[in-house]
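Here's the structure we're looking at; comments come further down.
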Amino acid sequence: MRLSFLPLLKHQRMTPVIFALFTEFLMLATFGFMVLLSLEILLPSFVSARVNLALFFGSILSLFVLHHALSVWLDQEIRSPKRYVVRTCGIFLGLWGITLLVLSLFKFPVLAIVTILLLCSLLAYLFRKILLTV
Amino acid sequence: MSFLEPFFPIAKTERTFYLIGRASLYVISISLVFFWSLRIIFPTIPFSFDFNAPQSTKNTFLHPRSTTDQSPLTNGKIAGKQTLIGNFESPQTFSRIRVSFTLTNKSPDNARLKASLSRSYRSFFLPIDETPLASFEHPPLYRDTTNTYYAETDGVLKRFVSTEAYLSRYPESFALPLATSTARSFPLSDEWIGFRPGSLLAFADGVFLVMDEHEIRPFGNPAILLSMGYRFDDVIQAHEEEIGIYERGRVLSFGAPQSDGTLFQDQDSGAYLLVNGKKLQPITSPEYRKFILEKTSPIIASLSSRNVTLSCVPISSWFHRRTLTCDMPKNALPSEFGSAFQLSLKNNAPDIPVDLEAITISLVTDRTQSNFTLFTHQIFSRLLNRFGQNT
């Protein structure tokens with residue numbers, strides 16, 4: 001009984017369509033979260049007074065886990081993106097991260113800014129190492 | 001893969017389904033963003049009370065009660081000629097107020113109710129005490145050689161928790177030197193005397209309002225403190241020992257009443273009124289008035305504007321016979337003196353009792369160009385404030 005419907009789904013002709021739409025929905029939700037987070041940093045409490053950002057983030061994270069699990073179970077493999085798409089996304093995310101960091105550190109004491117930037121750089125280095133190893 | 005191609009290889013036969021699904025996904029997403037933006041730019045803020053669940057924390061229409069004896073009317077039953085009152089508070093701007101309530105099946109269809117609304121500070125709606133504060137009364141007060149202050153009450157000596165706590169209540173000149181004979185003749189109480197009720201105390205990251213001799217309550221956020229009419233200039237920095245003598249009560253939110261000891265000034269007559277035991281007590285003692293004005297700034301209110309009321313007669317809607325609704329324009333209510341509202345619901349029928357199931361008051365922002373401009377100005381000034389530019 002356990003997950004016995006999965007082999008059936010695997011061979012359904014509509015499965016790739018639904019899975020592609022699910023992926024696209026996840027992308028849109030992540031983009032929505034980025035917009036809301038940027039707004040919250042620009043205008044503190046403007047978003048959090050209306051939307052529970054932690055719940056939103058938790059939901060997206062859970063959907064990503066579900067997406068990954070389904071892609072393994074259903075043998076659905078994402079097409080590897082073209083190089084220029086990866087580069088554009090990387091530049092966009094990098095600029096967005098730097099902007100958020102600068103806005104968040106506005107009016108912080110210099111020592112705190114240096115400490116936070118140092119920690120962020122170390123974390124970025126760690127993530128890069130992990131990514132390259134994987 | 002590009003943004004125009006699917007994330008997965010899709011057979012040509014299913015391409016049409018995919019395109020339809022994708023278009024629907026984008027249409028739904030854009031519609032959701034559009035309607036969410038509309039709700040943010042032109043909000044409708046509801047305040048409601050469910051008489052079937054009077055203890056529910058979701059009830060934002062506060063303390064429904066009878067006008068005559070202030071007794072709670074949380075069962076929703078309004079007898080003939082009786083009036084139900086309740087409060088809510090919102091510092092935000094809006095266009096009109098919609099009053100709506102639902103009758104239970106037990107209630108007659110021909111209910112004759114009249115809704116009235118006035119605006120002021122929550123405690124400024126209290127009735128005026130006929131006995132004014134005519135003298136600066138105080139118990140025998142002492143100061144010992146270590147500058148500890150004492151008050152002799154009920155045959156015992158009570159210590160003030162600090163000099164600042166004493167000075168928040170009485171001038172220094174009232175305290176007599178504590179003679180050894182006095183100290184011996186009265187037992188020393190374990191109870192401490194703190195700050196004057198109505199004082200604002202800052203400790204750690206919070207600001208607290210002294211409610212009475214035993215309780216302090218923290219403000220939920222700075223906007224609540226300002227909305228209640230208090231000022232940050234009047235906040236006293238307190239120490240751990242001074243705060244430690246009090247029990248901490250619930251967080252103060254919008255709509256909370258100002259505590260006993262809060263000072264109001266009526267702008268029309270210039271009279272000073274002190275909140276005291278669910279009444280507004282006029283201060284006629286020049287000595288006390290001079291003292292309290294040195295300690296705190298009065299909240300400027302207006303007795304004439306608290307009496308300005310908007311009224312409407314709710315009528316039943318065509319789709320729901322038991323739901324009665326009416327609208328009141330906001331612009332007729334003065335907005336300078338407080339953002340707390342008091343709604344009165346009078347049952348005009350002499351012999352027919354009315355049984356309410358729920359009541360909802362909505363502050364509606366109309367979708368107009370001026371409201372949109374106001375919203376953009378508010379956002380712009382918040383942005384400037386965020387980066388240290390005062391507007």
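The values are calculated or read from the model by the stated rules, or taken from the named source; none is laboratory data. On a predicted model such as this, the values are computed, not experimentally measured, just so you know. Neighbour counts run over all protein chains shown; Cβ positions are idealised from the backbone, glycine included.
Just checking, how many residues over segment A:21-65 are over 27 Å from B:Phe380 (Cα atoms), among the hydroxyl-bearing types (Ser, Thr, Tyr) and surrounded by 13 or more Cβ atoms within 10 Å (Cβ to Cβ)?
So the answer is 2.
If I ask for residues that are closer than 24 Å to A:Glu40 by Cα, under 25 Å from the mean Cα position of the chain (by Cα) and not polar (S, T, N, Q), which ones from segment B:352-391 would you list?
Result: B:Leu374, B:Phe375, B:Ile379, B:Arg382.
Rundown of residues vs (1) within 10 Å of chain B (Cβ to nearest Cβ); (2) out of contact with any Asp or Glu (no Cβ under 6 Å at 6 or more places or on another chain); (3) among the charged types (D, E, K, R), yes/no style:
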{"site": "A:Thr15", "(1), (2), (3)": "yes, yes, no"}
{"site": "A:Ala20", "(1), (2), (3)": "yes, yes, no"}
{"site": "A:Glu40", "(1), (2), (3)": "no, yes, yes"}
{"site": "A:Pro44", "(1), (2), (3)": "yes, yes, no"}
{"site": "A:Ser59", "(1), (2), (3)": "no, yes, no"}
{"site": "A:Ser62", "(1), (2), (3)": "no, yes, no"}
{"site": "A:Val72", "(1), (2), (3)": "no, yes, no"}
{"site": "A:Glu77", "(1), (2), (3)": "yes, yes, yes"}
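Out of A:Val110, A:Val114, A:Val102, A:Val65, which single residue is out of contact with any Pro (no Cβ under 9 Å at 6 or more places or on another chain), β-branched (Val, Ile, Thr) and in the same structural domain as A:Ser38 (by TED's automatic domain parsing)?
On the way: A:Val110 fails: in the same structural domain as A:Ser38 (by TED's automatic domain parsing); A:Val114 fails: in the same structural domain as A:Ser38 (by TED's automatic domain parsing); A:Val102 fails: in the same structural domain as A:Ser38 (by TED's automatic domain parsing).
One residue alone meets the criteria, A:Val65.
Go through segment B:324-371 and give me each residue that's of a type in the set (Val, Ile, Thr) and closer than 30 Å to B:Leu226 by Cα.
We begin by selecting, within segment B:324-371, every residue of a type in the set (Val, Ile, Thr); these are B:325, B:352, B:354, B:359-361, B:364-365, B:368.
Result: B:Ile359, B:Thr360, B:Ile361, B:Val364, B:Thr365, B:Thr368.
Of all residues being exposed (fewer than 15 other Cβ atoms within 10 Å of the Cβ) and within 24 Å of B:Leu274 (Cα to Cα) in segment B:154-187, which is nearest to the chain's Cα centre (by Cα)? Just the residue, please. Working first, answer last.
The first filter runs over segment B:154-187 and keeps only residues exposed (fewer than 15 other Cβ atoms within 10 Å of the Cβ), leaving B:154-156, B:163, B:172-173, B:176-177, B:179-181, B:183-185, B:187.
From the residues that got through so far, the ones that are within 24 Å of B:Leu274 (Cα to Cα) too are B:163, B:172-173.
Working: B:Thr163: 31, B:Glu172: 34, B:Ser173: 37 Å.
Per the criteria, the residue is B:Thr163.
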